[in-house]
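Readers should treat all values here as calculations from the given coordinates under stated rules, not as data from a laboratory. Because the structure is a prediction, the values reported are computed rather than measured. Here the Cβ positions follow ideal geometry from the backbone for every residue, glycine too, while neighbour counts run over all protein chains shown.
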Amino acid sequence: MAPMFNSLDPLLTAETLRTRRMLIRAGALATLNWSWPAKTGRSAGVADSDGQTLGKAKSCILIFLFGGPSQQDLWDLKPDAAAEVRGEFKPIDTRVPGMQIGEHLPQLAQQSQHFTIIRSMRHTDFEHGSASYTALTGQPHPLPGTNTPARPEDFPTYGSVVGLKRPVVDPVPDAVVLGPVMHQGNRPPMAGQNAGFLGRGYDPFRIVGDPNQAGFHVPGLQVKEDITARRLGDRRTLLSSLNHHSRRMARSKKVAAIRRLHSRAYGLLKSSQSQQALDVEKESAEIRDRYGRHKFGQTLLLSRRLVESGVPLIQVNWSRSNADQWDTHAKNYPRLRKMLPAFDQGLAALLEDLQDRGLLDSTMVICLGEFGRTPRMNKDAGRDHWPDCYSAVVAGGGLKVGQVVGASDRMAAYPISDPIAPWDLSATMFDNLGILPADDIHDLLGRPFRISRGRVLRELF
């Protein structure tokens, strides 16, 4: 393995690198160095100013449907529109009077009392890369309409901000991303998935494996058999001595980030709580069957276990590793018929399970894509990109549920009431987690950036 610190700072000497490799041989630190953020800051729920937040959520599960699902076929059907608009799916009633959703979401229809549909989401960016950046940071991309790769100056993803403002005390991650790094085609990873200008020490912990596979485990979480707890502790002490040895190193924020990574990695190695949370095989067969024996269902089950362990932010990506499944430019209905049963089963099970365990009231759930789909079908029986109006679903976290917020026109093309931008939803999420959206965060040069310029959706509280 190539030295993992070379790209960070010339202040790291060859001697230091050689000695640090002793720690890496413990087994897990090599794997976790770029995945496990450890931070300093205030404890959870403490604001950085005299402002007040409205929320009561302890955790948030963000389900990101990369590619952009069709609002007309899931959440905002138009049965009276022309055939090329209404499409093939029919609406069904839910447990909430007056709320209808698509016919391929029957299990979610029975959980509708637990969620709110926002039918008036909108922005102006038609491209996957920059629109996903907006969906995952709450900020408009500085180069809208592009697939610009991730850059060090990017605004940090949600989990990184939560990790900075609400660092956990227990040896569990501040934020976890379940699912692959997202790409647009064969391009480099998209922006909006990492810590950006906060530095890599704040990158969320990422788990890319499939929890539905037999023997699923997270690579690097097992200490080698010949490494005792005492030896691991000795190596950590040695690393600490090395870090304090150089005054120049102490002034480097990048090196400080490495120290935090090592500290959290060490905590993870010693934490049975963290390793238990990642073991879905400890769940009963009944629970696993309820979520569905497929990747999406078992990933949502894993997200619930992470909530129970105290992780504040869990992001679940529905995406192939190098494509966007919800991007239905062609064969919209055959593709949706294939995807929606697993989506329906998994999300309905998550909401029901959180409610049964008394966790839903303290766990905010958000489900959305980067945009919606065009009102009219195209020549390939698909729908194209459409950010002017789309839907999102929110649940839990003490929010008002069992309702519809906003409305679209007769074609689901434009909002006709209560237009809501992605940054409004992000401001609401931060507020509900006890983080003031108007607070500033700072880049490595100390420059301030406001967490969110959106409005908190008080109609949800």
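With a 10 Å radius around each residue's Cβ, average the other Cβ atoms per peptide and rank 442-448, 360-366, 171-177, 339-345, highest first.
171-177, 360-366, 339-345, 442-448
Taking the Cβ of each residue in 116, 146, 299, 428 as the centre, tally the other Cβ atoms inside 10 Å and list the residues starting with the fewest.
So the ranking, lowest neighbour count to highest, is 146, 116, 299, 428.
When a/c reaches 1.5 or more, the comparison of a/b and b/c decides; with that in mind, is segment 349-446 rounded, prolate or oblate per its Cα gyration tensor?
Oblate.
Testing the spin-label approximation: label points 7 Å from Cα along Cα→Cβ at residue 276 and residue 453. State their distance in nm.
For residue 276 paired with residue 453, the spin-label model returns 4.6 nm.
Mind checking the full-extension length gain between residue 80 and residue 143? Use 0.36 nm per residue of separation minus the Cα-Cα distance, one decimal, nm.
18.9 nm
Figure the gain on full extension for residue 378 and residue 214 (residue separation times 0.36 nm, minus the Cα-Cα span) and round it to one decimal in nm.
Stretched fully, the residue 378-residue 214 segment lengthens by 55.0 nm.
How long is the gain from residue 329 to residue 88 if the chain were fully straight, where each residue apart is worth 0.36 nm and the alpha carbon distance is subtracted?
Extending this stretch completely gives an extra 85.2 nm.
What does the C-alpha gyration tensor say about the overall shape of segment 394-461? Classify as rounded when a/c is under 1.5, otherwise prolate if a/b is larger than b/c, or oblate.
Oblate, since a/c reaches 1.5 and b/c is not below a/b.
Does segment 278-342 come out rounded, prolate or oblate by the C-alpha gyration tensor, with a ≥ b ≥ c the root eigenvalues, rounded set by a/c under 1.5 and, if not, prolate when a/b is larger than b/c and oblate if not?
oblate
What's the ranking of 153-166, 277-290 by average number of surrounding C-beta atoms within 10 Å, highest first?
153-166, 277-290
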